[in-house]
Structure formats: C-alpha cells, structure tokens
Amino acid sequence: MSVGHACVDVYQGAVAALVPFLVAERGYGYAAVSGVVLAASLLSSVAQPLFGVVTDRRPLPWLLPVSTLLSGVGMALSGVGDSYGLTLACVALSGIGVAAYHPESARVARAVAGGGHRGMAWFSLGGNLGFAAAPLLVSAVVAVGGGLRGTPLLVLPALAGALLCLPVLRSLGQPGAPGAGAGAAAGRDDVRAFVRLSLAVVFRSIAFTGLSTFLALFVTERLGGGSSSSAGTAALVVLYAGGAVGSVLGGALADRWGRVAAARWSYLVAAVSVAGLLLVPGPAVYVFVALTSAGLYVPFSLQVTLGQDYLPSRIGTASGVTLGLTVSVGGLASPAIGALADATSLRTALLPLVAMPVLSWLLFRGLREPASPAAEVGQGTIVETTSA
C-alpha cells in the first residue's frame, strides 16, 4: 500500500512540476499557472471529505485501483493539445482520482497497521516519495516526449499502482481481514479538537502548496538565470525528498514526545525556514528548502492519526480531511499568490507564507494528545474501529 500510495501521489507532485514547462512552452503567467494548480486542488478539496463520508458508511476497497487509474489518466492527458481549458479539465480529473483514493486507503492502512502512528508514517512515506519523484519524472517525460506532448507517458505509474492494489483487494476479501468491512466504532468524538486540527492542516497546506507551486520558478529566477529550469527542478526534489525524511522522523519523534508536541515544534522550525528560504541569498536556499520540508512534513502522518483519534466514529472523514486536504486545499490560495506575484514580485507574493506555520503552531498549542485506540483496546477491536 505504501508503494501504491507513491504511484498516486506522484500526480499531486506532477502538477507543480509541470508549472515551469507550462510557462516556458505556452507562455502562461503566474496567475494562469495558479489556475492549473487550482483545478487540481478545487475538486480534490471538495470531493475528498465527501468520499470520506461515503467510505465511513460502507468500505469501498475497489476505489483503490479505480482512483489510481483516474489520477494517472487525467495527468497523462494534461499536455495533449494547446487548449488551456482542456488542460484545466484533465488536471481536475486527476484531482478527483486523488480525492477518491486517500480516505479509503488511509482507512485500510490504519487497520492493517494495527492503529499505530508509526505504521501510518510508513504509509505516508510512500506518498512523499511519489512527490519527490514527480519533478524528475516530469522532466524525463518532457525530455523524451519533446515537450508537453510527452505527458501520456505519465500514465505508467498509475498502471503500476493499480496492479499493486490487486493483492490488497485479494487479502481484504479473506474472512476476518483487517479493513475488509465496517464495524462498530469505539471512543467518543472530540469535534472541537478535530476542527482545530483541521484549521492547522489548512494553514500547513497553504504554505506547502504555495511553495511547491512557485518554488521552481523562484529558485530559477534567483540562481538559474536564463531559461534553464534545472535549478528549480533541483529545489523541488529537495522539497519533496526532505518530506520523505520528515514523515519517518515524525513517527520517531512522536514515540518519544507525543504527536502534538512533535508537530508543534516542527511548525516553529518551518516558520523560520520559510523566512530563510525567501530572504537568505545564494545557494543556501537549498538548505532552507530542506529544513522547510522537514518542518512541514514531520506533522504530516501525525495529523492523520490525530484526526482519526479525535474522530473515531468517522475514520474515513477524518482521513479525507487530514491526509487529503493537507495537500490539496492550499491550491485554493494559489491564484491569489499568482496574481500578487504578477502585480509585484514572486518573493513579495510568497512572504505571507511565513505566517502559515505560525498559525498552525498556535492552533496546536490548544490541542491535547488523544487516547489512541491502540492503547485502549485489543487488536480485534482496532480492526472494527478502523473499519468503521
């Protein structure tokens, strides 16, 4: 499931990775490329909680391969033709696939991991590795295909991911398999804490999506010069690869100090690092990109299990918000950032992102560590709880 997660999340990373090529090949401005990111984010942001509500009522494991294929087909068609509207529609189709995948996959992953946050960290690692591979994959596809018309090659990870889902579906079909069916939920919902957590997720998403959308352009302007996009692609790889490290590190830090404390301190690190990324000159930008990535990704998987523990009767909904929206909802702010960049400068437009992890830190100050189902019940009950 972790590798399958990588095959899906490569398409979330691919949206930002396509931005420099859309600018270079089609002459799009900042506002126009922000619209492409918005197309992927808007439907995903709206649809993800809805899919979570549906899977809370009835588990739908078949969504795993179907949504994987949908996310890949949409992105594969995004470079076909020169129509801006067609590009938006294809990217939006990919966003729907991503939205359908995450709530159900998080429900199943939590169940087969026995309810522990370290297991969810490894599941999240797969998605982050997919993000990290996206800039390299898109660059290779554009080079091999002679430009954006090579994007149909991007369907290959989706085909691989769909195949990886088949043994998962077979194992879920066995009697008594974890995550195979619904059961009674255990524990009481803490809606107030979940709302605070969700707001922290939104601010984290604005910071991450804003940076991932414009980081390649920002670093290229600052270091690359000319028309070369290699400096920007390298920065995106660092941003996403650092996230892979941050997710695993988050599980280890949570074991020692708790999930809330680990996430709280990570957001402070992220705030300082974003400021350094935008203000400190020279190649040191890559150091601050790495620190920013770690600071924003340590809370990534921790927020998923926190949401599931705050909302134990609605695991799918909690997963859709904390795992899905943590990536997609920030795209809703991208057009505003792009418009401000067109009117002023890219650095000026990105400076407000420094405040986003600060706001997440403030929200986490009011949260307490919830009782994990793993600590309250045996393995059999965990299966029933996480399957609800």
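The values are calculated or read from the model by the stated rules, or taken from the named source; none is laboratory data. Nothing here was measured: the structure is a model prediction, and the numbers come from that model. All Cβ positions, even for glycine, are placed from backbone atoms using ideal geometry, and neighbour counts span all protein chains on display. Heads up: the accessible areas ignore ligands, DNA and RNA and are worked out on the full protein's heavy atoms, side chains in. Shrake-Rupley method; radii C 1.70, N 1.55, O 1.52, S 1.80 Å.
For mean projected area of the Cα convex hull in nm², one of [x] 17.8; [y] 16.4; [z] 23.8 was computed from the structure I shared and the rest are decoys. Which label? Checked against the structure: label [y]. In the full protein assembly as shown, how much of residue 7 is accessible to a 1.4 Å probe, in Å² to the nearest 10? For residue 7, solvent-accessible area is about 20 Å². Averaging the Cα positions of each part gives two centres, and for segment 296-372 and segment 48-98 these lie 21 Å apart.
Ordered from largest to smallest accessible area (heavy atoms of protein chains, 1.4 Å probe), the residues 171, 205 come out as 171, 205. Rounded to whole numbers, the Karplus 3J(HN,Hα) couplings from phi for segment 4-15 are x, 4, 4, 5, 7, 6, 4, 7, 6, x, 5, 4 Hz, using 6.51 cos²θ - 1.76 cosθ + 1.60 with θ = phi - 60°, and x at Gly and Pro.
Accessible area ranking (1.4 Å probe, heavy atoms, ligands and nucleic acids excluded), largest first, for 9, 56, 342, 189: 342, 189, 56, 9. Across segment 202-211, rounded Karplus estimates of 3J(HN,Hα) from the backbone phi angles (6.51 cos²θ - 1.76 cosθ + 1.60, θ = phi - 60°) give 4, 5, 4, 5, 4, 5, 5, 5, x, 5 Hz, Gly and Pro being marked x. Relative to the longest principal axis of the Cα atoms of the chain, helix 259-279 runs at roughly 0 degrees. Relative to the longest principal axis of the Cα atoms of the chain, the long axis of helix 230-257 makes an angle of roughly 20 degrees. Taking all protein chains as they are arranged and a probe of 1.4 Å, the heavy atoms of residue 332 leave approximately 80 Å² accessible to solvent.
Between the Cα long axis of helix 84-112 and the first principal axis of the chain there is an angle of about 30°, rounded to the nearest 10. Between 283, 270, 165, the Cα set farthest toward the positive side of the dipole of the chain (charges on each charged residue's Cβ, about the Cα centre) is that of 270. Atom-type composition of the exposed protein surface of the chain places 69 percent of the accessible area on carbon and sulfur (1.4 angstrom probe).
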